[in-house]
Amino acid sequence: TSVSIPTSVTTIGKYAFYGCTGLQNITIPASVTTIDNYAFFQCSKLESVNFENNSKLTTIGYEAFIYCYKLASFTVPNSVTTIGDWAFYGCNDLTSFAIGSGVTSIGKGIIAYCTNLTTITVDVANEHFKAVDNILFSKDDKKIFAYPIGNANTEYTIPATVTTIGDYSFFGCTGLTSVSI
C-alpha cells in the first residue's frame, strides 16, 4: 500500500506502477528527475504523492497519473519545468492542484475529467502561468491552458485579452452550461 522510492533512483520509468491498484501512498526522493509516461497509470487507489524536500524532479510525463481516481491533491514541485499531456486526466477525487514556480510547459488536458477540482493555484514566482477564478492562464492573459471541470463553474466569460484557447481547454466540462466570448 505504501512505497518509498530509494534515493539511488533517478527516473520512474514508463509503466513502472501501471495498474498497481493496491498502491495508496508513494514517497519520491529528491534524486528522481523524471516521472516518465504512464508511470502511475491506473493506480486507482493512490491517495498521496509525497516529494522529499529539495526535489530535483523536472518532468512529469504524458498520462503519468491518469486514472488515479483517489488522488485528492497534488502540488507540482518548484523544480518541475514540464507537465505532459493528460498527466492527471480522470483523477476524480482531485480537489486541489498547485503548480510550482518552475513550470514553463504544460500539455493538453492535464486536468481534464477531474470532476471535483475546485482549486488551482500557481506559485506567485511562476513567470509563465497564473490562476484566475480557477482558470489557468498565461501570465499575460493571452491564452487559456486548462479549465477545471468541477461542477462549481457552470458559466464562464472569456476575457477580451485572450487570443488563444489551448487544445482541450474545455474538454469534458460536464457542468459548463454557458461560455461567452
Compactness of segment 79-120, expressed as Rg and Dmax over alpha-carbon positions, Å: 10.2, 27
For peptides 38-50, 131-143, sequence by mean Cβ density within 10 Å, most packed first: 38-50, 131-143
Cα centroid separation - segment 100-135 against segment 70-94, whole Å: 9 Å
Farthest toward positive dipole pole in the chain [+1 Lys/Arg, -1 Asp/Glu at C-beta], among T104, G166, L136: T104
Positive-end extreme of charge dipole, the chain - chosen from I35, S73, W86 (charges on Cβ): I35
Cα-based reach from K70 at 17 Å (exclusive), listing lysines while leaving out same-chain residues under 8 positions away: K45
Simple Cβ-charge dipole of the chain, Lys/Arg +1 and Asp/Glu -1, about Cα centre, in debye nearest 20: 180 debye
Prolate/oblate/rounded call for segment 1-100, Cα gyration tensor, a/c under 1.5 rounded: rounded
Unit charges at the beta carbon, dipole of the chain: most positive-side option, L117, T177, F51: F51
Within segment 1-103: Cβ-based charge dipole about Cα centre, in debye rounded to nearest 20 (Lys, Arg +1; Asp, Glu -1): 100 debye
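Throughout, read-outs are computed from the coordinates displayed, never taken from laboratory work. Computed from a predicted model, the values in this text were never measured in an experiment. Every residue, glycine among them, receives a Cβ derived from its backbone with ideal geometry; neighbour counts consider all protein chains shown.
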